[in-house]
Structures are given as C-alpha cells and as structure tokens.
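Only one structure is covered here, and it is reproduced in the block below.
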Amino acid sequence: MSYHFKTPDEVKDFEEDVEYIRFEMTDLHGISRSKTVPARHRNKDILMYSGTLLLGPRSSPTITQEVLKDGCNDLKLIPDWNTFRVIPWVFENPTARVLCEQSDFKNKRLQVHPRTVCKNVLDELRQLNGAGYELLSAHDLEFTLMKFDEAKTARPAFEGCDAFASLQMARVQDLSHELERNLLSVGIDVHALNAGRAPGQMELACISEWGLQGADNAYTCKNAIKEICQKKARLATFMCKPFADSGDGATACNDALLRHSLWRQHPVEGPTLGPNSPPEPVPEPTAAKQATRLSFNSFAAGLTFGVSPASRTSTSRTSSGSISEAPQSPPPPAESERMQWVNVFSDKSETGCSPECRWWVGGLLKHGNALRALTAPTVNCYERPASGKWVPLTSACGWNGDAAQVSMQSNGLDENTSVSMRHISAAANPYLVVAGIAAAGMDGLRCKLEPPEEAWKAPCTLACGLEAALQALESDAVLVAALGSQFVDWFVRVKRDELAHFSQTSTDSAAEKAKAHRDLYAGFI
C-alpha cells in the first residue's frame, strides 16, 4: 500500500503494524543497498558508507579521492517519506521501506546519487522555456527466471523459445500472479505479463507514471522481483544475456523498452482530457475551482469519466489479497483558467507526431553513443546482437514500428502519442536511463534537432563496446553538464573497474564467458 508522508513523525500511526523500516537507496548499478532499522529509531540519523555508490556488482570497491580525503566515513541517508511502503513479501517481521538519497561530506544532497541526478534533470526539464514539462514514462522489463539443479547450477526455469505461449506462463503461473499482487500492494500497477522469446524469459509491462515516479517504479519492480523469487528458491536476473546462444539460434537478451511522452498544462474551455496529474506538492483547490476532467493514463486501457483528480482513488491489494484504497496524485495548481494537460508529442498532422516529438528524437539520436553508456552499462550488454530475428532494425528512427532504434508512435489518440527507445538493457539503472533520455531530449528541444535524413533509411552505428560508450559519454559536453561532471567521473571509474575484472578472466568458449558474466551480474542485477 502506498502512502503520502513528508516526515518520519507521520509514520508513527503505523508503529503497531510495522516493526522495521528498510532505509533503501540505489547504487550506480541500480542494486538496492539498505539498512534495516527498528521502527522506533526512524527519527535518528541513518548512516551508510561514503563509498557505497562506488561498489561493483558484487561489492568490490572503487575508491575516489573524495572518499579517501574524508577517511571513508559514513554519510547520512536522506529519506523521501513519500515513498514509504509496507513490503508485503517480508511477512515474517512486518517491514516497510523508504527510498533514500545520500548526503555529501558537507551534509548537502550528494549530487552523484542516481536518484538525485534523475531528479535534477527532471527539474531542469520542468523549467525549460518556462513550459512546466512533465515526463510520463513506463518500462517494459524483461528478465530471466532460473532454477537450480542438484549441482546448484543455474538453469532456465523453463525451456523453449515460445514467446507469449500460455503453456509457458502456466509453468510459473502462481509465481507470476504473486509478483503482480505484491507489486500492486506497493503502488506499482502491472499492465501485462507474458512469456518471453527465450528459455526462462518473462516480460512485465507497467502502467506509466509521472516524472521521478516512473523511475522509482522500475527500480522497485526489479529489486522486488529478485527478492520475491529468491524467497521461492528461484533466481531472477535482469542481466542482458545470461546464457550463450542455444543450438537453434535463440538468444536470451533482456531489454527494458522505455515508452515515454512529454506533457504540459494548457488553458482550455469546456471538458478537459488528459492523464492523471503529476505528483507535485500543490495546494488543494476549492471544489468550485476543480476542473471536471477525463482521466486517461497513457499506455493503459481504462477511462474514468467526469471525475476530478482530487476525488479519484486507485485500488490496491494488501498482502492478504483484500482491496484497499490509496489516494492518487494531487490535482494541478488551481489557476484563473481551467488547465488541461496536453501531450506535447501529439498534433493533428498525418503522422500524429508534433515537431517537438521529432526534435526530442533528434536529441536522442545525436547523443545515442553517449546514452549507450547508461542504457547498456555492463560488459555483458555487448553480447547482445545488434540485429536479428527479434531485433529487425531497418532504421535509426521511424513511425509506429519496432524496426527502428527510436520509434514515434501514434494511434490517432493524443494521449497515446509517445516515443519508444529500443536497445535499453534491462540491466540498466532506471534512474540513469530516464535522466539520460531527458537530458538528450531537452537538447533536441533547445536546438530544434530534426532527425537527419539518413536516420529514416538505415540504423545508426552505436558504440559496440562498453569502453567506447564510456569514452562517448565523457566527450559529450551536453550530457556531462546535465548529469554532472562528478557523476560521470564516478560512473566511468566504476565501469572501468568492471572492464578490468574481465580483462583478468580467461574465457575460451562462449559458454565459459556466459558463466563468468553470470557469476558477476546474475545475483544482484
């Protein structure tokens, strides 16, 4: 169940129901790092090692001068109490979690923390041209479910490359239903689940959310799935390619397609149409000033007619399976004119996509190689084929299709006009994916970057290795400025240590290489 708190004191009503609170933060990889605290100590400072962000996938440390200079001391965690959730899958001792960022050595918010980086970029997007832009996004996450044989060797939970096959899902039906119920209980609405295109592969699509919430949901979803599966003696991994190619040529590559659109408020007369309002802390307007709205959550089916956002509630299941109500996002600010949230990517042209949509895509294409460091951030990601039966790339960008690296999609409804970016590995940190895409898209809007003519005819060449992607990120002045030079420095250092790890590993066959990659990535990514 989701709540809307601002301080730890507001949590006191849950003391009888919650024994422990997990103060949780992401590292650079998107791995959950946390401290579990008895609920009675929620008001005390919670400290974590200053180099936590610099840990590798299996916690090998990278040390920077900033960390050494302060003697590797602990830093204070900064909880966002609005993310307080009771965790239904930790039922033995009632536990909640709250997402945190980390302070720096001057007791200010650490600017290299992925959630802080993402928040900063989205704030910059909101302020761009004074337009108040809001990003609406959702991830389609693929992961590989494994079981262990008698030798404790990880194997796919089911064999076959039977995409969307009901019989494959029937093999893991109880688990998949449990995943959906648990995710809904923490405020993540799953749109659909299905069997993937490779042994053990499953795909899960989430309903889109505003701004930082979209990244929060993807991060929570990944770590929750891993934790729930671990309790079932299964291993779920979001690493890109956990196994070498099978004899029939099938390749298990886990992707995380990001569907997103850009919205802003616009004065309107008469009934309004738009998605649920962004979760901004705004004063509650009087009933007389609330605009009657149609609610349409982009990428999702289901309409709520003639209901103001303040009066709407969403249902969620508790761990016992009962239905409870949780408040939705507050409405937009009350103004002298009624305001409508409009999709900036949509217009009345033949394609249904606006110039702003094309400029945004132009920015994604311009910064494609630098983005690769964030969207394909592991050595294993580059084992993924650039093209093939399931990745039939014909162009860098296109309309309404999966055969383009970046696709602009519209089905005639303004609310459904969106951009989909392929070649995002499920191993990527969702906060850094959203931050990087928003930064690149903003550059496209500022400079009115049309996709180059050749982009409509052939795929663009992307960095073919992690080192090449890291170099592209370091040399991209726009992304370095948006993400922060210290963040880029820390991120690149950690990733080069990862490269060094594999340079010392001898792998004579594809199977040995896949095992070496699983040993580093599968357990925690």
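Report ³J(HN,Hα) in whole Hz for each residue of the range 74-81, in order, from the Karplus equation J = 6.51 cos²θ - 1.76 cosθ + 1.60 where θ = phi - 60°; Gly and Pro get x.
My calculation for the range 74-81 gives 7, 10, 7, 7, 10, x, 9, 5 Hz in order.
Given H placed 1.01 Å from N in the peptide plane, which residues other than close sequence neighbours of residue 157 have an amide H under 5 Å from its amide H?
Long-range HN contacts for residue 157: 145, 146, 147, 200.
Hey, any idea what % of the range 110-169's accessible area is carbon plus sulfur with a 1.4 Å probe? Intermediate results must be reported in sequence, preceding the final value.
On the way: 1270 of 2540 Å².
Exposed carbon and sulfur together represent 50 percent of the surface.
Sequence-distant or interchain residues sharing an amide H contact under 5 Å with residue 460, placed H: which?
396
Ratio of the range 470-525's C-alpha Rg to 2.2 N^0.38 Å, to two decimals? Can you show the working numbers first?
Working: Rg = 14.7 Å, N = 56, 2.2 N^0.38 = 10.2 Å.
Taking the Cα Rg and dividing by 2.2 N^0.38 Å, one obtains 1.45.
Output the peptides 189-202, 39-52 sorted from most to least packed, where packing is the average of other Cβ atoms within 10 Å over each peptide's residues.
Numbers: 189-202: 20.5, 39-52: 16.2.
Per-residue mean Cβ counts within 10 Å order the peptides as 189-202, 39-52.
Taking 0.36 nm per intervening residue step and subtracting the Cα-Cα distance, what contour gain separates residue 164 from residue 458 on full extension? Can you show the working numbers first?
On the way: separation 294, 0.36 × 294 = 105.84 nm, distance 2.92 nm.
Here the answer is 102.9 nm.
Name the shape class, rounded, prolate or oblate, that the alpha-carbon gyration tensor gives for the range 26-153, where a ≥ b ≥ c are the square roots of its eigenvalues, rounded holds for a/c under 1.5, and otherwise prolate holds if a/b is larger than b/c and oblate otherwise.
rounded
Enter the Cα centre distance for the pair the range 58-137 and the range 336-361, rounded to the nearest angstrom.
32 Å
Calculate one ³J(HN,Hα) per residue across the range 120-131 by plugging θ = phi - 60° into the Karplus curve 6.51 cos²θ - 1.76 cosθ + 1.60, and present them in order as whole Hz with x for glycine and proline.
5, 5, 5, 5, 5, 4, 4, 8, 4, 6, x, 8
What three numbers, in Å, describe the spread of the alpha carbons of the range 113-226 along their principal axes, ordered from the longest?
On the principal axes, the range 113-226 reaches 58, 28, 26 Å in Cα extent.
Which far-off residues, 5 or more places away or on another chain, put their amide H under 5 Å from the one on residue 428, with H placed in the peptide plane?
Result for residue 428 returns nothing.
My understanding is that a pair violates if its Cα-Cα distance is over 30 Å; which of 222/348; 35/231; 108/241 do that in this structure?
222/348; 108/241
Rolling a 1.4 angstrom probe over the protein heavy atoms, how many square angstrom per residue are accessible across the range 173-239?
28 Å²
With θ set to phi - 60°, apply the Karplus curve 6.51 cos²θ - 1.76 cosθ + 1.60 along the range 18-23 and write out the HN-Hα couplings as whole Hz, x wherever there is a Gly or Pro.
Ordered by residue, 3J(HN,Hα) equals 10, 8, 9, 10, 8, 7 Hz.
Could you order the peptides 508-515, 444-451, 136-143 from most to least packed, using the average number of other C-beta atoms within 10 Å per residue? Working shown, then result.
On the way: 508-515: 13.6, 444-451: 17.8, 136-143: 25.0.
Ranking the peptides 508-515, 444-451, 136-143 by packing returns 136-143, 444-451, 508-515.
The values are calculated or read from the model by the stated rules, or taken from the named source; none is laboratory data. Nothing here was measured: the structure is a model prediction, and the numbers come from that model. Counting neighbours? That spans all protein chains shown, and the Cβs are built from the backbone with ideal geometry, glycine included. The area values use the complete protein model at the heavy-atom level, side chains included, leaving out ligands, DNA and RNA. Shrake-Rupley method; radii C 1.70, N 1.55, O 1.52, S 1.80 Å.
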